[in-house]
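Worksheet: one structure, shown below.
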Amino acid sequence: VNIFNDYSLYYDLLYSEKDYISESNYIHYLIQKYAPNVQQVLELGCGTGIHAMNMARLGYTVHGIDMSSTMLQQAENRVQDFLKQDVVSLSIGDVRDLQLNKTFDAIISLFHVISYQITNKDLDATFATVKRHLKPNGIFIFDCWYGPGVLSDPPRSRIKRVENENMEVIRLTESEVYSHSNTVDVSFHMLIKDKVLNEMREVKETHTMRYLFVPEIQKLCQTYSMELLFTYTWLKEDLVSTKDWNLCIGIRMQGDK
Ligand SMILES: C[S@@+](CC[C@H](N)C(=O)[O-])C[C@H]1O[C@@H](n2cnc3c(N)ncnc32)[C@H](O)[C@@H]1O
């Protein structure tokens, strides 16, 4: 079962306060700083396509892939105009075995897509995908859960309520840390009210997330002939610290691929 297939229906509503514009500007800034000639971008786990749309507005050509057909459907609706102009393209695919037979100047993977790759095998396969699709000297930027931050300030239960004219969602989040596997089971219990039909639905989902440590990312870089460029606090240019949950990683593919 692909949890994102259901989730996509209320994903944008749940994250309507997420500042996708600042995030896209931040990625644009990092690309310009570290690889100013980037034109073609591959986005792994593009979800509902908001970063892809913003990156297209910033002048990039973007190919987005995601394994959830319903998330991709939302993306397709969102970027229709860019699809017509061939500035954005989308396809279904898994970051662990993608084979587009094409290389890109940059690869991005945002909002914890890499933390959804929970086993060493998944992470290895994802880095192999990046290697197959990145040009020599190309750059790979992603964000993920940061191990020291998660362990020093473990996740707490939270409740969130969001609504628009069609639906209301109340979401209880409870998390359990599994420190032997560097993972957290994030369990969502949601009550979804369809305001038009006046019906209530209850949905339970668990997302297993892996938190990462810098040395294991360095090891992956070594294995795949890549150079670790930076380990920033997400949305900043400061070295990540134990106070941070969200790590932004920049990696460069070696020139002699
Ligand atoms: C939290 S969402 C982030 C979506 C989007 N990047 C954003 O910022 O809104 C995680 C996305 O990763 C996708 N995903 C997770 N694992 C994946 C995999 N192995 N291959 C492709 N997509 C994956 C999910 O389908 C989902 O759309």
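Things to note:
This table checks each residue for (1) within 21 Å of the chain's Cα centre (by Cα); (2) open to solvent by less than 80 Å² (accessible area, probe 1.4 Å); (3) at positive phi.
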residue	(1), (2), (3)
Asp185	yes, yes, no
Ile192	no, yes, no
Val196	no, no, no
Gln222	no, no, no
Tyr232	yes, yes, no
Asp238	yes, no, no
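- Conditions (1) assigned to a helix (DSSP H, G or I); (2) hydroxyl-bearing (Ser, Thr, Tyr); (3) within 29 Å of Glu17 (Cα to Cα); number of the one not met by Thr129: (3)
- Taken together, the residues in segment 100-114 that are near the ligand (Cβ under 9 Å from one of its atoms) and among the hydroxyl-bearing types (Ser, Thr, Tyr) amount to 1.
- Options Thr70, Thr103, Thr61: the member that is polar (S, T, N, Q), modelled with pLDDT under 95 and open to solvent by 30 Å² or more (accessible area, probe 1.4 Å): Thr70
- Residue check for Val177: open to solvent by less than 40 Å² (accessible area, probe 1.4 Å) and not in a helix (DSSP H, G or I): no
- One residue stands out in segment 17-40 among those that are over 16 Å from the mean Cα position of the chain (by Cα), exposed (fewer than 12 other Cβ atoms within 10 Å of the Cβ) and of a type in the set (S, T, N, Q): the one that is nearest to the ligand (Cβ to nearest atom), namely Gln39.
- Of all the criteria given as (1) surrounded by 20 or more Cβ atoms within 10 Å (Cβ to Cβ); (2) within 13 Å of the ligand (Cβ to nearest atom), the one not satisfied by Asp97 is (1).
- For Glu216, the test of being assigned to a loop (DSSP other than H, G, I, E, B) and within 30 Å of Asn25 (Cα to Cα) is failed.
- Long-range neighbours under 6 Å by Cβ, at least six apart or interchain, first residue under 22 Å from Gln254 (Cα atoms) within segment 205-221, second open to solvent by 10 Å² or more (accessible area, probe 1.4 Å): Val214/Thr231; Gln218/Leu228; Cys221/Leu228
The values are calculated or read from the model by the stated rules, or taken from the named source; none is laboratory data. All values derive from a computational prediction rather than experimental measurement. With ideal geometry, Cβ positions are generated from the backbone for all residues, glycine too; neighbour counts draw on all protein chains shown. Heavy atoms of the whole protein, side chains included, go into the accessibility calculation; ligands, DNA and RNA do not. Shrake-Rupley method; radii C 1.70, N 1.55, O 1.52, S 1.80 Å.
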